[in-house]
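Enquirer: Below are the structure tokens for one structure; questions will follow.
The values are calculated or read from the model by the stated rules, or taken from the named source; none is laboratory data. Note that the structure is a prediction, hence the values are computed from the model and not measured. Here the Cβ positions follow ideal geometry from the backbone for every residue, glycine too, while neighbour counts run over all protein chains shown. SASA here: full protein model, heavy atoms, side chains in, ligands and nucleic acids out. Shrake-Rupley method; radii C 1.70, N 1.55, O 1.52, S 1.80 Å.
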Amino acid sequence: MRSAPIHFMLKKLHLIALLTILAASNYAQSHLLTPDEFLPHKIGSQFTEHSQLVAYYQHVAANSDRVKLVEFGRTNELRPQILAIVSTPENLRRIEDIRLNNLRNAGTIPGNPDNSNPIAIVWLGFSVHGNEAAGSEASMPVLYDLVNPGNRETSEWLKNTVVLIEPSVNPDGYSRYTAWYRQVSPALPDPNPKAREHNEPWPGGRVNHYLFDLNRDWAWSTQVETQNRLKVYNEWLPQISADLHEQYYNAPYYFAPAAQPYHNYLTKWQADFQVEIGKNNAKYFDKNGWLYYTKEIFDLLYPSYGDTYPSFNGAIGMTYEQGGHSRCGRAIIMPNGDTLTLADRVAHHRTTALATVEVSSKNAGRIVENFADFYQKSKNNPPGEYKAFVVKSTNPAPKIKALMEQLDRNGIRYGRAGKPSTGLNGYDYATGLEGKFAVGENDLVVSAYQPKGLLTQVLLDPEAVVVDSNTYDITAWSLLHAHGLEAFATRQRIDPAQLGYDIAKQTMVATATTPYAYLADWNSVQSAQLLANLLKQGIVCRYAELPFLVEGRPWPAGTLVITRADNRKHPAFDETIRDVANKFDYPLTPVQTGFVEAGHDFGSETMHLVEPPKVLVLSGEKTQDNEFGQVWFYFDKVIDYPATIVDAGDLAALDLTGFNTLVLPEGGYGFDDATLGKLSEWISSGGKLIAIGNANYSLADKPGFNLAKFAKPSDGDAAKSEAERIALDHRTAVYKDRNRSSISDFNPGAVVRVKMDTSHPLAFGLHDYYFSLKTSGLRFDLLKDAWNVGYLEDNYLSEGFIGANFKKQLKNTAVFAVQGKGGGKVVYLVDNPLFRSFWEEGKLLFSNAVFLVD
């Protein structure tokens, strides 16, 4: 009977091991510090550096069994993006099972979910705008409250809740703001709004490294922070998502429910439960006597916000707004005479964050049930009118590939049609009309009958149905327009034969002899990437002004022509061509002759040399931060081509020798006569000036520039009559409707169909139409003595909301124009083709302005 003592000893060893684990756990918990104990300052008394913020989260993860810390990416400035996964030790031991079960509820992975013990998943994102820093400050006490074992309330909530905390959604912007503030702030805060500490310098910490607003980038995911975030977000698909912001300091706290308009596809459950969350928040604000408001300003329409994107992915997505941001500093006197402090702001965000976890825990069963129902309905009965989207295989392969990459980042499925179909009815994205179309076997099909069917419809529909025109952002955004694709939407269900769509790797056609030249299509921003890299490698390139036919194949205007004759001194011509083509997976076609069968030979003057752009970009306070950032990002990341950036205030004294291209991002420059004269002389000597958006105002009606502001009412009886009618409307407006009385003259952002002159280099590679994002009230008359390359016709098509009066005023106005001026050019881009960097077709148009307009 020797086994009995051994068995007894094993039990004793197990007991010792258990006691050791418990002792270690208790030791760790006893060394868990509050933020005030860990940081060199008290929360609310000073802003915390991002490294200190990360260090506190690492400390909590090392000393608590209720949190797992994940680094899911790095920013442009290589700061860590972290996510704290918070729940009970028991839940964390099976956290992967909880995550996968939630994805089974969504149907994004196979299998039957087990909802016998429903777990709510809550996402809390803090300070997407870095200078709205009270959010990140509040995230630390929120984390401590949740993991503190002595907090009975939160301990109870976590039994059926997983909380995902992203303490700094914009680490680079947060660091920029907090570093500046700590440098300029006095020992004691000065609450006078005129004090230096309340006036943050350009560009401020709101934006990321490239000055992008990350709160407008979710669905487009142009920025590395968003791309990293979408990966982890789609690995979890939270059911509740709160995005904690700040607004102007004199505003009370805002929380859900959101304002109208809601996108029509959002569910009744999503609307109703926002009210329940709002009431729970209000309970605590009422108790403390804090001011707040709901159902105003912040709507749920534009799909790329931190509240709408989660909503279109099945969550209860919400924005919370605390008064403050960079104007507040650590304390500021408000209009009512009270003083708002950083500690106040932290307390308010801490309260709503914890209240959101509380209400989620108490309703976990309903939340999980309705989340699963959202995805079931999305998969089996998608709400929108159009049930499938067909992208023609005749589109340029780089454009199709770019769309696929964007769909992949959003978890949207697609595939090859597999079999042809004819006689289908659908919406033609090119014309905006309904009609017959055919599906080819190689066409790409995106069916709305999939787990993310609702999101598919939101992003691909021609336009959203807007129930209220008083909205906060752009009202049209279809990715099929953004990518410039020939495509159709149909009310009929079409499923791809199989998921996935392979685009064969593009390789150069093999040739036994040395080619006379290489030819490349010019039809996408990827064409510009290729050209930019070739120019950097010292390859001399031409483009064809007119179509031609060589070796039996037709080539359109804009084709890149790279001849051996132009590059006879290049030491590795063929090798460089091959390497660049392979790098960008871009097809280059070798030809053996420059003698064409139709059109002009390769030595013709119609084969223009591409002069390598030596680019100067204006920056600084006279430019708009986001819009400057779009230009910077284009050169730095999109095409990887050098551009020199200078402050716009230095232009007057700057020697422009050595630059042949000057880009004016959107901004207000107020050039004096001397600077305008200097620019005119530089352009006449061969320079190229590219003005974007409202930068054009600085050139309009100025000597030597042919851009004219929109016709005054006195220019015509019809215009005068219309102006008088509008004035009368304003004079008779009802006071309570004052926020709506100007809507007929308002353009929050819509898509318009622009007529394009494709014989001009500015329109090479485009269709004879271009769907442009018109995001402002800019309008200019058609230019005299210039090429109106893109303009709005009398009966132009628009998608989204444009005020009725303003829509009429846009008829026959210039959108894109080129003026010859001596030996140079002025390119007027009235609509910004780089807006938020998600309008891929706009990048091609801008590339034309940079490389081809000569």
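Enquirer: Any idea which of S168, S127, S136 is on the phi > 0 side of the Ramachandran plot and either in contact with a strand residue (DSSP E or B) (Cβ under 9 Å, 6 or more places away or on another chain) or surrounded by 21 or more Cβ atoms within 10 Å (Cβ to Cβ) (or both)?
Expert: Only one candidate passes the filter, namely S127.
Enquirer: Looking only at the range 541-588, which residues are part of a strand (DSSP E or B) and over 35 Å from the mean Cα position of the chain (by Cα)?
Expert: Scanning the range 541-588 gives F548, L549, V550, R553, P554, I562, T563.
Enquirer: Let me ask something else. Need the failing condition index for I503 against (1) at pLDDT 95 or above; (2) of a type in the set (A, V, I, L, M); (3) closer than 24 Å to V638 by Cβ, just the number.
Expert: The number of the failed condition is (1).
Enquirer: Go through the range 768-780 and count every residue that is charged (D, E, K, R) and outside any strand (DSSP E or B).
Expert: Residues in the range 768-780 being charged (D, E, K, R) and outside any strand (DSSP E or B): 2 in total.
Enquirer: Is it fair to say V224 is β-branched (V, I, T), open to solvent by 10 Å² or more (accessible area, probe 1.4 Å), in contact (Cβ under 8 Å) with a residue 24 or more places away in the chain and farther than 23 Å from I121 by Cα?
Expert: yes
Enquirer: How many residues does the range 641-661 hold that are open to solvent by less than 40 Å² (accessible area, probe 1.4 Å), under 26 Å from the mean Cα position of the chain (by Cα) and among the hydroxyl-bearing types (S, T, Y)?
Expert: 1
Enquirer: Determine which single condition G820 fails, assuming it passes every other condition in (1) surrounded by fewer than 21 Cβ atoms within 10 Å (Cβ to Cβ); (2) assigned to a helix (DSSP H, G or I); (3) modelled with pLDDT of 95 or more; (4) not basic (K, R).
Expert: (2)
Enquirer: Go through the range 91-118 and count every residue that is touching a residue at least 12 places away in the same chain (Cβ under 8 Å) and of a type in the set (D, E, K, R).
Expert: 2
Enquirer: Quick check on I494: is it part of a loop (DSSP other than H, G, I, E, B), modelled with pLDDT of 95 or more, over 16 Å from V853 (Cα atoms) and open to solvent by 10 Å² or more (accessible area, probe 1.4 Å)?
Expert: Spelling it out, I494 is indeed part of a loop (DSSP other than H, G, I, E, B), modelled with pLDDT of 95 or more, over 16 Å from V853 (Cα atoms) and open to solvent by 10 Å² or more (accessible area, probe 1.4 Å).
Enquirer: Among the residues of the range 410-437, write down those that are over 20 Å from R753 (Cβ atoms) and either of a type in the set (G, A, S) or open to solvent by 80 Å² or more (accessible area, probe 1.4 Å) (or both).
Expert: Within the range 410-437, G411, R413, G415, A417, G418, K419, P420, S421, T422, G423, K436 meet the criteria.
Enquirer: Read through the list (1) open to solvent by less than 50 Å² (accessible area, probe 1.4 Å); (2) part of a helix (DSSP H, G or I); (3) modelled with pLDDT of 95 or more, then give the number of the only condition that Q29 fails.
Expert: Q29 satisfies all of (1) open to solvent by less than 50 Å² (accessible area, probe 1.4 Å); (2) part of a helix (DSSP H, G or I); (3) modelled with pLDDT of 95 or more except (3).
Enquirer: Only one of these is at negative phi, surrounded by fewer than 18 Cβ atoms within 10 Å (Cβ to Cβ) and polar (S, T, N, Q): Q81, Q52. Name it.
Expert: Selected residue: Q52, the only one of Q81, Q52 that is at negative phi, surrounded by fewer than 18 Cβ atoms within 10 Å (Cβ to Cβ) and polar (S, T, N, Q).
Enquirer: How many residues are in contact with a Pro (Cβ under 7 Å, 6 or more places away or on another chain), more than 21 Å from N170 (Cα to Cα) and either among the aliphatic types (A, V, I, L, M) or free of Cβ contacts under 8 Å to residues at least 60 places away in the same chain (or both) if we restrict to the range 42-74?
Expert: Total meeting the criteria: 1.
Enquirer: Given the criterion in contact with a Ser or Thr (Cβ under 6 Å, 6 or more places away or on another chain) and over 26 Å from A598 (Cβ atoms), identify the matching residue among Q526, Q537, Q498.
Expert: Among Q526, Q537, Q498, only Q537 is in contact with a Ser or Thr (Cβ under 6 Å, 6 or more places away or on another chain) and over 26 Å from A598 (Cβ atoms).
Enquirer: Which of (1) part of a loop (DSSP other than H, G, I, E, B); (2) free of Cβ contacts under 8 Å to residues at least 12 places away in the same chain does E77 not meet, given it meets every other one?
Expert: Failing condition for E77: (2).
Enquirer: Residues in the range 270-318 that are out of contact with any strand residue (DSSP E or B) (no Cβ under 8 Å at 6 or more places or on another chain), open to solvent by 40 Å² or more (accessible area, probe 1.4 Å) and either closer than 21 Å to V346 by Cβ or touching a residue at least 60 places away in the same chain (Cβ under 8 Å) (or both): how many?
Expert: Residues in the range 270-318 being out of contact with any strand residue (DSSP E or B) (no Cβ under 8 Å at 6 or more places or on another chain), open to solvent by 40 Å² or more (accessible area, probe 1.4 Å) and either closer than 21 Å to V346 by Cβ or touching a residue at least 60 places away in the same chain (Cβ under 8 Å) (or both): 7 in total.
Enquirer: Sticking with this one: State all residues of the range 781-807 that are of a type outside the set (V, I, T), within 14 Å of A750 (Cα to Cα), open to solvent by 10 Å² or more (accessible area, probe 1.4 Å) and not in a strand (DSSP E or B); if no residue qualifies, say none.
Expert: Y796, L797, G800, F801, A804, K807
Enquirer: Next question. What tally of residues in the range 191-219 results from selecting those that are in a loop (DSSP other than H, G, I, E, B), within 30 Å of R409 (Cα to Cα) and hydrophobic (A, V, I, L, M, F, W, C)?
Expert: Going through the range 191-219 one residue at a time, the tally reaches 5.
Enquirer: Could you list all residues from the range 183-202 that are surrounded by 14 or more Cβ atoms within 10 Å (Cβ to Cβ) and touching a Phe, Trp or Tyr at 6+ places or on another chain (Cβ under 9 Å)?
Expert: Matches in the range 183-202: S185, P193, E197, H198, E200.
Enquirer: Moving to a separate point now. Which count do you get for residues in the range 599-622 that are in a strand (DSSP E or B), open to solvent by less than 30 Å² (accessible area, probe 1.4 Å) and more than 16 Å from H209 (Cα to Cα)?
Expert: Of the residues in the range 599-622, 5 are in a strand (DSSP E or B), open to solvent by less than 30 Å² (accessible area, probe 1.4 Å) and more than 16 Å from H209 (Cα to Cα).
Enquirer: Right, another one. Check the range 200-209 and report whether any residue there is basic (K, R) and touching a His at 6+ places or on another chain (Cβ under 9 Å).
Expert: yes
Enquirer: Only one of these conditions is not met by A723: (1) modelled with pLDDT of 95 or more; (2) over 29 Å from E840 (Cα atoms); (3) open to solvent by less than 40 Å² (accessible area, probe 1.4 Å). Which number is it?
Expert: Among (1) modelled with pLDDT of 95 or more; (2) over 29 Å from E840 (Cα atoms); (3) open to solvent by less than 40 Å² (accessible area, probe 1.4 Å), the lone unmet condition for A723 is (1).
Enquirer: Any residue at all in the range 416-425 that's hydroxyl-bearing (S, T, Y) and part of a strand (DSSP E or B)?
Expert: Yes.
Enquirer: Continuing with this model, one more query. I'd like the full set of residues that are open to solvent by 10 Å² or more (accessible area, probe 1.4 Å) and either farther than 24 Å from Y177 by Cβ or touching a helix residue (DSSP H, G or I) at 6+ places or on another chain (Cβ under 8 Å) (or both), limited to the range 227-239.
Expert: Once the filter is applied, which keeps residues that are open to solvent by 10 Å² or more (accessible area, probe 1.4 Å) and either farther than 24 Å from Y177 by Cβ or touching a helix residue (DSSP H, G or I) at 6+ places or on another chain (Cβ under 8 Å) (or both), the range 227-239 yields Q227, K231, V232, N234, E235, W236.
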